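Chemist: Take a look at this one; I'll ask things after.
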Amino acid sequence: MLRYRLNASYGFYSPVTVHGFNSYGGGFDTTGRVEPGSVTTFTLAGEYTLTRHIVLALDIGFQTINATHFSGTAGLGAQGESAMVGKGYSNLLSIAPAVEYHFTQHVGLIAGPWFSLRGKNTSEFFGVVAALYLLL
């Protein structure tokens, strides 16, 4: 049996006032307003049932993050350089294949790697994820 789903989401964030070093960057004497970029995410996921107990799963995700806009005084970094505030446009394509095992119809375990395939202005990553689920 093959099951699939498509999820889409869009997130936008309110502007914030920043001072000094902050999560958007900044430095000594930074003061201003940050407008975080919006985030669009698409996830295509599928599951293929091999046996009563074993299911193969695959999630493919694509995310874009629009550039952050900053207005104000950037300030100075630790070495006296002009501080950076915000981040440019980025995108990321990731994949998460997994194996799911159903102990009973109410208890199961799913596990597999999750890693980036490509992206722009983003870090590569690799990790392993696992979840034990109970259906009540």
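Chemist: From SER38, SER14, grab the single residue that is of a type outside the set (A, V, I, L, M) and closer than 30 Å to LEU117 by Cβ.
Modeler: SER38
Chemist: Determine the pairs where a residue that is within 20 Å of THR64 (Cβ to Cβ), located within the range 1-23, has a partner that is aromatic (Phe, Trp, Tyr) and surrounded by 10 or more Cβ atoms within 10 Å (Cβ to Cβ) with Cβ atoms under 7 Å apart, the partner being 6 or more residues away or on another chain.
Modeler: Going by the 7 Å Cβ cut-off, the qualifying pairs are ALA8/PHE42.
Chemist: Restricting attention to the range 101-136, and to residues there that are of a type in the set (Val, Ile, Thr) and assigned to a loop (DSSP other than H, G, I, E, B), which single residue is nearest to SER90 (Cα to Cα)?
Modeler: Keep residues of the range 101-136 that are of a type in the set (Val, Ile, Thr), which gives 104, 107, 110, 122, 128-129.
In the following step, the residues that additionally are assigned to a loop (DSSP other than H, G, I, E, B) were identified as 104, 122.
Values: THR104: 42, THR122: 6 Å.
Among those that are of a type in the set (Val, Ile, Thr) and assigned to a loop (DSSP other than H, G, I, E, B), it is THR122.
Chemist: I would also like to ask the following. What pairs come up if the first residue lies in the range 71-87 and is exposed (fewer than 10 other Cβ atoms within 10 Å of the Cβ), the second is part of a loop (DSSP other than H, G, I, E, B) and not charged (D, E, K, R), and their beta carbons are under 8 Å apart, counting only those six or more places apart or on different chains?
Modeler: If the second residue must be part of a loop (DSSP other than H, G, I, E, B) and not charged (D, E, K, R), the pairs left are ALA78/GLY27.
Just so you know, all these numbers are worked out from the coordinates, no wet-lab data involved. Remember, predicted model here, so these are calculated numbers, not experimental data. Using ideal geometry, Cβ is built from the backbone for each residue, glycine included, and neighbour counts are taken over all protein chains shown.
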